[in-house]
Amino acid sequence: MKGGRVVRENRGLSKRLIKLSFCVAAGFFLLLTRLWYLQIIKADTLFDLSESNRLRSVPVAACRGTILDRNGVVLVSNSPSYSLAVIPQDVVNKEALIDSLVRLLGLDRDELLERWEKGKGRARYVPIVVAAGITRDQVELLEENQFRLPGVDVEVKPVRLYPFGTMAAHLMGYLAEVSDQELAADRYQHYNAGDYVGKNGLEKSYENELHGTDGGRRIEVDARGHYLRTISETNPTTGNSLELTIDKNLQQSAEKAFGQEAGAAVALDVNSGEVLAFVSNPGFDPALFSGRMPPDVWKSYLEDKRHPLENKALKGQYPPGSTFKIITALAGLEEGLIDGKATVECTGSYKLGSSKFNCWNRHGHGVVNLKRALKESCDVYFYELGEKLGVDRIAKYARLFGMGKPLGIDLDNERGGLIPTMEWKEKRFHKKWFPGETPPVAIGQGYVLATPIQLASMIATVANNGTVYRPHLVKRIIDPDGRTVKEFGPEIIAKTGLRPESFQLVKEGLFAVVNEPKGTGSMARLYEVKVAGKTGTSQVVKLRDSKGNEPYQFRDHALFVGFAPYDKPEIAVAVVVEHGEHGGSAAAPIAGKILRTYFEEKGVIAKPVRHDASAAGSDKPAAQPAGQPVQLPAGKAD
């Protein structure tokens with residue numbers, strides 16, 4: 001009995017040993033499998049993780065290319081900017097670190113936390129910029145307390161420097177940190193969080209050219225994340241530079257001429273489409289957008305009734321007023337409805353059915369031909385001509401000049417204005433066009449809208465007898481070694497096909513506007529150079545206070561378009577003064593100052609000199625200052 005029991009016990013023990021052996025073997029198999037997985041399958045990943053604890057990639061931002069005017073004057077350059085960054089994996093206590101930064105640097109706690117949260121989706125060893133544009137004093141404090149702030153780093157990045165302050169701010173645009181939405185787009189796939197990118201203007205349109213290629217450093221750090229040595233380094237490549245068509249002196253003169261008035265001005269080379277000056281007034285400080293915008297400044301921008309953040313030259317859409325009479329006149333000449341001799345009697349108003357349309361001169365101009373109608377801006381002449389033409393024929397000729405659609409200038413978000421037709425009204429309002437709606441269109445009112453860049457292109461096309469050039473702002477792109485990468489020349493986008501005789505008759509009227517008695521544009525006159533142009537006043541509201549006490553936002557806009565020299569045109573200019581009331585008194589003087597500066601720069605007109613004793617007794621007459629009224633009775637229409 002004992003032997004059987006021993007045998008049974010041995011058999012049970014053997015079974016348990018076998019089970020134990022299987023368990024041990026299974027455990028070893030799992031360990032070996034896990035070891036194989038870690039050593040073979042995950043080897044590269046784990047190696048990268050271990051290396052990331054020791055080695056860090058520190059991006060080195062490239063300098064953006066500079067922006068120059070047509071004469072090589074630097075308009076936008078670069079200066080270093082410091083940013084505060086944290087490396088999450090090196091931070092022991094997030095809340096304590098935030099408290100230390102707030103106490104040490106005086107930063108806003110909520111802003112630090114907000115920026116930190118935005119960077120949580122990236123790898124923990126990638127630096128997160130939590131404060132941009134910190135001062136040198138703050139940098140010194142960080143360096144002094146480096147060992148008390150684990151995970152904190154200071155990054156140096158170039159930001160834009162504007163030697164001429166707010167000059168041409170709407171044209172240049174501004175930089176700001178790349179957003180999360182932009183980082184997700186293909187266009188910004190090579191950018192890093194905290195990088196600066198162009199947000200509008202030329203900075204945005206030519207972002208790919210200006211940005212350059214970032215470099216980087218591979219550094220070794222200790223267990224606390226402190227720098228030990230540089231392993232490797234790749235130098236950044238500076239972006240390409242832009243040489244603009246803009247003339248700095250002309251741009252400054254145009255902006256100064258506006259003073260505190262709101263509006264826009266565009267000057268074009270009539271034979272190439274080069275933009276010589278591009279003004280939207282008032283401007284803004286583009287440097288503020290690269291850092292933390294002071295709340296009081298941002299509030300002042302938003303509350304300013306003159307809308308300083310709006311690019312008026314590109315996006316402002318205004319009734320062109322009497323400047324549009326140029327189009328109506330050319331349409332009438334081409335259609336054979338008028339000539340230089342045909343006359344209309346202006347009695348102060350024009351009746352069409354039951355509607356009555358007043359001329360600006362309620363007493364009437366009497367008998368007027370085309371030249372006098374343009375010179376004195378007689379509305380009745382163009383009311384009658386507009387009725388004969390009809391809205392669709394007026395629109396046909398306006399569109400020959402590129403009006404009613406964007407011209408394709410090298411800036412984003414250009415507005416196209418509006419040239420109404422019978423079909424347009426049917427689609428827009430589901431109503432037919434009434435004959436009484438055409439006379440206002442003939443004088444640039446009603447539904448008609450145009451941007452300052454379109455008005456400048458229109459008068460430039462008149463000046464060169466019918467060639468529509470695409471306005472452009474960049475002459476050439478230059479690489480960091482000074483070589484030309486790309487050059488931009490004139491681009492013809494249309495030819496009107498109008499007869500030279502039609503242009504000549506209209507030009508004679510435009511010359512009279514500026515240079516003859518009762519001409520409405522006498523304040524744009526230059527004695528040394530012959531100027532031709534047309535004034536305009538466009539209504540903002542239909543019903544006006546007869547006492548002239550309208551609030552600012554309800555006052556009429558003032559306009560002027562012109563070109564010079566009359567005999568051989570070189571430059572065309574369009575000026576819009578928002579709520580300036582009269583084109584002849586508000587817009588024409590600004591245009592005169594722009595033209596004077598242009599010809600002073602060319603040496604055609606002598607620049608003014610300071611009065612001193614040596615000039616005393618000189619019998620040479622002083623040059624007529626631009627913007628000064630001549631001693632002739634000027635009209636008050638526009």
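The values are calculated or read from the model by the stated rules, or taken from the named source; none is laboratory data. Computed from a predicted model, the values in this text were never measured in an experiment. Ideal geometry is used to build each Cβ from the backbone, glycine not excepted, and the neighbour counts take in all protein chains shown.
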* Give the residues of the range 97-146 that are closer than 18 Å to Glu177 by Cα, in contact (Cβ under 8 Å) with a residue 12 or more places away in the chain, assigned to a helix (DSSP H, G or I) and not basic (Lys, Arg), sorted by residue number. => Glu111, Leu112, Leu113, Trp116
* Asked: What's the number of the condition Arg399 fails, among (1) of a type outside the set (Phe, Trp, Tyr); (2) without any contact (Cβ under 8 Å) to a residue 24 or more places away in the chain; (3) within 21 Å of Lys534 (Cβ to Cβ); (4) part of a loop (DSSP other than H, G, I, E, B)?
  -> (4)
* Yes or no: Ile394 closer than 19 Å to Val462 by Cβ and either touching a Ser or Thr at 6+ places or on another chain (Cβ under 9 Å) or surrounded by fewer than 24 Cβ atoms within 10 Å (Cβ to Cβ) (or both)? -> yes
* Please indicate, with yes or no, whether at least one residue in the range 177-191 is crowded, with 17+ Cβ neighbours inside 10 Å, over 21 Å from Gln251 (Cα atoms) and either out of contact with any Phe, Trp or Tyr (no Cβ under 9 Å at 6 or more places or on another chain) or assigned by TED's automatic domain parsing to the domain that holds Ala313 (or both). => yes
* Starting from the range 514-528, keep only residues that are farther than 13 Å from Leu374 by Cα, then list their pairs with residues that are surrounded by fewer than 24 Cβ atoms within 10 Å (Cβ to Cβ) and of a type in the set (Ser, Thr, Tyr) whose Cβ atoms are within a distance under 7 Å, requiring at least 6 positions of separation or different chains. => Met523/Ser585
* **Looking only at the range 420-447, and only at residues there that are assigned to a loop (DSSP other than H, G, I, E, B), touching a residue at least 12 places away in the same chain (Cβ under 8 Å) and over 29 Å from the mean Cα position of the chain (by Cα), the one that is surrounded by the most Cβ atoms within 10 Å (Cβ to Cβ)** => Ile443
* helices (runs of 4 or more DSSP H) lying entirely in the range 147-264 (those with 1 or more residues that are of a type in the set (Ser, Thr, Tyr)) -> 201-205, 248-258
* Asked: In the range 401-419, which residues are at positive phi and surrounded by 15 or more Cβ atoms within 10 Å (Cβ to Cβ)?
  -> Gly402, Gly404, Gly417
* Asked: Which residues, counting only those in the range 517-575, are basic (Lys, Arg), at pLDDT 90 or above and either surrounded by fewer than 22 Cβ atoms within 10 Å (Cβ to Cβ) or not assigned by TED's automatic domain parsing to the domain that holds Ala264 (or both)?
  -> Lys518, Lys530, Lys568
* Out of all the residues in the range 230-238, is one or more loosely packed, with under 14 Cβ neighbours inside 10 Å and within 23 Å of the chain's Cα centre (by Cα)? -> no
* Asked: Does Thr343 qualify as being touching a Phe, Trp or Tyr at 6+ places or on another chain (Cβ under 9 Å) and under 27 Å from Phe278 (Cβ atoms)?
  -> no
* Within the range 448-469, count every residue that is under 11 Å from Gly416 (Cα atoms) and either in a helix (DSSP H, G or I) or among the charged types (D, E, K, R) (or both). => 3
* In the range 304-324, how many are surrounded by fewer than 24 Cβ atoms within 10 Å (Cβ to Cβ) and touching a Phe, Trp or Tyr at 6+ places or on another chain (Cβ under 7 Å)? -> 3
* Scanning the range 578-614 for residues that are buried (at least 17 other Cβ atoms within 10 Å of the Cβ), part of a loop (DSSP other than H, G, I, E, B) and on the phi < 0 side of the Ramachandran plot, which turns out modelled with the highest pLDDT? -> Glu578
* To do: Considering each residue of the range 244-261, count those that are within 16 Å of the chain's Cα centre (by Cα) and either β-branched (Val, Ile, Thr) or over 26 Å from Ser77 (Cβ atoms) (or both), and give that number.
  => 2
* Assuming Ala257 fulfils every condition listed in (1) under 23 Å from Asn413 (Cα atoms); (2) in contact with a Lys or Arg (Cβ under 8 Å, 6 or more places away or on another chain); (3) at pLDDT 90 or above apart from one, which condition is it? -> (1)
* Asked: Is it fair to say Leu68 is modelled with pLDDT of 85 or more and surrounded by 20 or more Cβ atoms within 10 Å (Cβ to Cβ)?
  -> yes
